[in-house]
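Asker: Can you keep this structure in mind? I'll have questions shortly.
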Amino acid sequence: MRSTALDVTTLENLVSAAVAAPSIHNTQPWRFRLDPDTTTLEIRAEAARGLRHIDPTGRGLYLSVGCALLNLRVAVAHYGWEPVSRLLPRPDEPDLLATVRLGGTTGASSTPHLYRTLWRRHSSRFPFSERQLPPAVLTELAEAAHAEGARLSRPDPAESDRLLRLTREAERRNSVDPDRAAESRRWVHDPTDAALGIPPVALGPQDFLERLPMRDFGAHQHPDVLTARPFEKRPSIAVLSTTHDRRADWLRAGQALERVLLVATSHGVRASLLHQALEWPDLREQLVGTPGSRGANAQMVLRLGYGPQGPPSPRRTADQVLAEESLSASRRTR
């Protein structure tokens, strides 16, 4: 039986694994704290890095934290502990979105491949080949979403075209909304010491035929410098949804999204996230089923396929996202 005392190196590795998760515009809107008395890691929202215009409800922030939470659970299991997680554990602390307590266990992780995969998962905004995903892989991706309380659906070609039209309309709206466009542009820049935002090299090209509405992150201000290339003719689209649409459901959706992305990466499948239509309430309502219908709430639109791995975006270090007293407490346990 492992002791639940955390040394500094293990603590930093756990947090680094969590930080490797994707986040909206790579804002990394999280911070971590260790409660040494209960050996519990807290994940708190970093509201200052929320996107006020693009994500006014904070749903994208919650999805981002949910992705980090899944990675943290995978890492805790990798190190031989049982990850005991709770969502929104203290209503009087609204910034505390989740906790993961290190429970005792003697068994090895049941998903060691996910821990190896989380370090090499990157979004790819580049063209994919025409190769279709095998049914067995699609089934495994759906099971990954289901394991976290979400549903991953694969629309038929006609429905995929409709979803892409909604995404294209959202991208058009984003391009003419000065506040959203400016907010988006602020997060595209060369890497800095802050290790936030998206480097221009990771943006990828636009679709030459304008079939796939890839987000240009505000580059429409200089359309003459946009690179355009042919993308796949028949993109593989999937929609991640939840039955309810509460804050806890957003966190569950983030965990489901990250588990889907990790399983996809383990099979060599690339993914890009088409989030634009989710940022407009009227368009988001149309992403799942009949407009106005109940019982499903879209949380993410994914494009899946085989192609080049996207360049990595910077990540903050454990020292940058951990409360200082957490490191001090961990040092005292050595």
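The values are calculated or read from the model by the stated rules, or taken from the named source; none is laboratory data. Only a predicted model underlies this, so the values are computations on that prediction, with no experimental measurement involved. Using ideal geometry, Cβ is built from the backbone for each residue, glycine included, and neighbour counts are taken over all protein chains shown. The accessibility values were calculated without ligands, DNA or RNA, using every heavy atom of the protein model including side chains. Shrake-Rupley method; radii C 1.70, N 1.55, O 1.52, S 1.80 Å.
Asker: Among Trp81, Ser64, Thr10, which residue has its Cα positioned farthest towards the positive end of the charge dipole of region 1-144, with +1 placed on the Cβ of Lys and Arg, -1 on the Cβ of Asp and Glu, and the dipole taken about the Cα centre?
Answerer: Going by the Cα projections, it comes out as Ser64.
Asker: Using amide H atoms built in the peptide plane, which far-off residues or other-chain residues are under 5 Å from His189 H to H?
Answerer: Hits under the 5 Å cutoff: Ile198.
Asker: Considering all alpha-carbon pairs of region 1-136, what whole percent are spaced by more than 27 angstrom?
Answerer: Here the long-distance tail beyond 27 Å is 27 percent of all Cα pairs in region 1-136.
Asker: Here's another thing I want to ask about it. Measuring with a 1.4 Å probe in the full set of protein chains, what accessible area per residue, in whole Å², belongs to region 1-157?
Answerer: Roughly 42 Å² per residue, with all protein chains present.
Asker: Right, another one. Amide H to amide H under 5 Å from Gln299: which residues, 5+ apart in sequence or cross-chain, H placed 1.01 Å off N in plane?
Answerer: The list, which skips near neighbours in sequence, is Leu240, Ser241, Thr242.
Asker: Quick one: grab Rg to one decimal and Dmax as a whole number for region 185-289, Cα atoms only, in Å.
Answerer: 16.0, 44
Asker: Turning to a different aspect of this structure: Using a probe of 1.4 angstrom, how much of the accessible area of the chain is carbon and sulfur, in percent?
Answerer: 51
Asker: So what is Rg over Rh here for the chain, counting just Cα atoms and using Kirkwood for Rh?
Answerer: 0.96
Asker: While we're here: Amide H to amide H, which residues 5 or more places from Gln206 or on other chains are under 5 Å from it, using H placed in the peptide plane?
Answerer: Thr227, Ala228, Arg229
Asker: Could you tell me the convex hull volume per residue, in Å³, taken over the Cα atoms of region 121-200?
Answerer: Roughly 173 Å³ of hull volume per residue.
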